Amino acid sequence: MKKHAPATLRNREAIADVLARELPDGGTVLEVASGSGEHAVYFADAFPKLTWQPSDPSPEALESIAAYRSEYEGENLLAPVHLDANAPADWPVERADAMLCVNMIHISPWSATLGLLAGAAGVLGKGAPLILYGPYFEAGVEPAPSNLAFDAGLRERNSEWGIRDIADIDKAAKDHGFTRANRQEMPANNLMLIYRKG
């Protein structure tokens, strides 16, 4: 059954603009936490020379992705796979040329971010991009009131959730061999962080 995430319609074009500058010309993009699958279809269509591999740990999300994929006329969108960022040793994908993760880090435990980075270190080659999208807190930058309220609401729902500090992500990324190569401001007080494997 197809799910609909309203944010995907609002942010997909802006994300695609950044992806056009950061993704390789060919190869496989592993999308972690694909959610409804709407992004996967849109990006696969936008980048026909790339093979798009959606994934998610949720059975409902995998069903939704498969439903959207069944309507996709291109051949570069693979069947979704079960992938849990918390368990990088069990990832079903061995190699990828790029990784994308949209709106997962703030609605999952910190362990999922650490798992994402460990998994990325295992599947990406030297120079390959790991691209993260979502809201983040940043030293020296006044947080938007909407992000502060969003963070408080997330932590009320689950004490392990919340908007993360970029400095913490940078440090954890460095521990796994990644260096932040770009920071791009996005609509609605979001950011895209691009890390490259050393």
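The values are calculated or read from the model by the stated rules, or taken from the named source; none is laboratory data. Treat the numbers as computed from the prediction; the structure is a model and nothing was measured. Every residue, glycine as well, gets a Cβ built from its backbone with ideal geometry; the counts of neighbours run over all protein chains shown. SASA here: full protein model, heavy atoms, side chains in, ligands and nucleic acids out. Shrake-Rupley method; radii C 1.70, N 1.55, O 1.52, S 1.80 Å.
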Leu50 - accessible surface, heavy atoms, 1.4 Å probe, Å² rounded to 10: 10 Å²
Projected area, mean over directions - segment 99-166, Cα convex hull, nm²: 5.0 nm²
Trypsin sites (Lys or Arg not before Pro) restricted to segment 122-188 and DSSP loop, no more than 14 other C-beta within 10 Å: Lys126
Neighbourhood charge, 9 Å Cβ-Cβ cut-off, centred on Leu191 and excluding it, Lys, Arg +1 and Asp, Glu -1: -1
Inter-centroid distance (Cα atoms) of segment 163-198 relative to segment 1-58, Å: 19 Å
Formal net charge of residues neighbouring Tyr68 (Cβ-Cβ distance under 14 Å; K, R +1; D, E -1): -4
Choice from Ile65, Ile105, Ile166 showing the highest fluctuation, given a GNM over the chain with Cα pairs closer than 10 Å: Ile166
Value at 222 nm in deg cm²/dmol, rounded to 500, when DSSP H runs of n ≥ 4 in the chain each add -39,500 (n - 2.57): -12000 deg cm²/dmol
Which of Lys49, Lys197 is most accessible, then next, and so on - probe 1.4 Å: Lys49, Lys197
Cα-based shape type of segment 1-62, given that a ≥ b ≥ c are square roots of the gyration tensor eigenvalues and the cut on a/c is 1.5: oblate
Segment 135-198 shape via C-alpha gyration tensor axes, a/c threshold 1.5: oblate
Over 20 Å (Cα to Cα) - which of Lys49/Lys174; Lys174/Lys197; Lys49/Lys197; Lys126/Lys174 fall in this group: Lys49/Lys174; Lys49/Lys197
Descending principal axes extents, segment 52-167, alpha-carbon based, whole Å: 44, 33, 24
Listed residues Thr179, Thr8 arranged by accessible area, highest first, probe 1.4 Å: Thr179, Thr8
Computed over the chain, Cα set: Rg, Dmax in Å: 15.7, 46
Viscosity 1.002 mPa s, temperature 20 °C, Stokes-Einstein D of segment 50-103 from Kirkwood C-alpha radius, µm²/s: 178 µm²/s
Estimated FRET transfer efficiency (Glu75, Val18; beta-carbon r; R0 22 Å; 0.05): 0.35
Neighbourhood net charge (15 Å Cβ-Cβ; Lys/Arg +1, Asp/Glu -1) for Ser36: -1
The chain, relative contact order [Cα under 8 Å, separation at least 6], %: 19 percent
Peptides ranked, highest mean first, by Cβ atoms within 10 Å: ranges 30-38, 14-22, 127-135: 30-38, 127-135, 14-22
